[in-house]
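As structure tokens, the structure follows; a few thoughts come after it.
Derivation of every value follows stated rules applied to the coordinates shown; laboratory data play no part. If you're wondering where the values come from, they're calculated on a predicted model, not measured in any experiment. All Cβ positions, even for glycine, are placed from backbone atoms using ideal geometry, and neighbour counts span all protein chains on display.
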Amino acid sequence: MAKVSVARASSARAPARAALEPGADCPLCPRLADFRHDWQAAEPGWHNAPVPAFGPEDARLLIVGLAPGLRGANRTGRPFTGDYAGDLLYATLIEYGFATGTYAAHPEDGLTLTDARIVNAVRCVPPQNKPTPEEIRTCRPFLSAPMAAMPRLAAIVTLGKIAHDSTLAALGQKASRLKFGHGVADTITDGTLGPVRLFASYHCSRYNTNTRVLTPDMFRSVFAAVRAYLDAA
Ligand code: SF4
């Protein structure tokens, strides 16, 4: 597993710049590296590599997703870009002032995040969209390090249980510290970072919206709470 120290960017212990992002051919998860290589051969025009975080490091909000979608971020190279999950996420971010511009499902659409940053808990596309527990653990330093490098981080939205539990672990917390559920929120004051408020949401996947597990209004309610929290801070 990659070793990455966790500290705020303003600290002298801030992680080396290179440690914030995995290499383009990161070998740490052999199954995922093989899967990437297969898709590099099948679709040489796709990104087919770990997907970098998107948005400014001085943002107060971090959104943590699960992993790149095969024909979404794995194809385009930008989180939540190119599949349905991005349609709902970016429309909601624009509505609540966390993004400006027009989302057009490709990285050159000019969409800009405002006071928000997005990263996936697992940077490489997993087969069937299901990373193993070991892969989630192995990629966690690439969640912890960008988180630690955000000097103004005040709120985190976790999309789905895997992202939620991995974020808690990255904060030095057990999953029982805030049991996953849509709309649950709590402030973590005793983690590896300073006080940060965690907001959990069901993942904005097509499956969850098609089955009405998550409606657009339910999703909006989470970001409305985040907006109110940050505006009051
Ligand atoms: S999921 Fe993360 S740790 Fe695993 S190969 Fe990809 S970038 Fe490396």
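Starting at the first residue of segment 223-233, write each ³J(HN,Hα) from the Karplus equation 6.51 cos²θ - 1.76 cosθ + 1.60 with θ = phi - 60°, in whole Hz, x for Gly and Pro.
Rounded to whole hertz, the list is 6, 5, 5, 5, 4, 5, 5, 5, 5, 8, 6.
Of the listed peptides 66-79, 206-219, what is their order by residue-averaged count of other C-beta atoms within 10 Å, with the highest listed first? List each step's numbers first, then the result.
Working: 66-79: 23.2, 206-219: 14.6.
In descending order of packing, they fall as 66-79, 206-219.
Students often check this: by mean Cβ neighbours within 10 Å, which of 137-150, 25-38 ranks highest, and how do the rest follow?
Working: 137-150: 23.3, 25-38: 15.7.
For the peptides 137-150, 25-38, the packing ranking is 137-150, 25-38.
Treating the beta-carbon of each Lys and Arg as +1 and of each Asp and Glu as -1, no other charges, what is the dipole magnitude of the chain about its Cα centre, to the nearest 20 debye?
Values: 25 positive and 20 negative charges, 125 e Å.
Computed charge dipole of the chain: roughly 600 debye.
By its C-alpha gyration tensor, with a ≥ b ≥ c as the square roots of the eigenvalues, how is the chain shaped: rounded for a/c under 1.5, else prolate for a/b larger than b/c, else oblate? Mind dumping the intermediate values first?
Details: a/c = 1.42, a/b = 1.11, b/c = 1.28.
Taking the square roots of the gyration eigenvalues as a ≥ b ≥ c, the chain is rounded.
Give me the number: length gained by fully extending T215 to T100, i.e. 0.36 nm times residue separation minus the C-alpha to C-alpha distance, one decimal in nm.
Working: separation 115, 0.36 × 115 = 41.40 nm, distance 2.27 nm.
Result: 39.1 nm gained on full extension.
What are the residues whose amide H is under 5 Å from the amide H of D186, where those residues sit 5 or more places off or on another chain and H is modelled from the backbone?
L198
May I ask for the Kirkwood hydrodynamic radius of segment 165-233, worked out over all distinct Cα pairs and given in angstroms to one decimal? Write down the numbers at each step before the final one.
Working: mean 1/r = 0.0765 Å⁻¹.
Mean inverse Cα-Cα distance, inverted, gives 13.1 Å.
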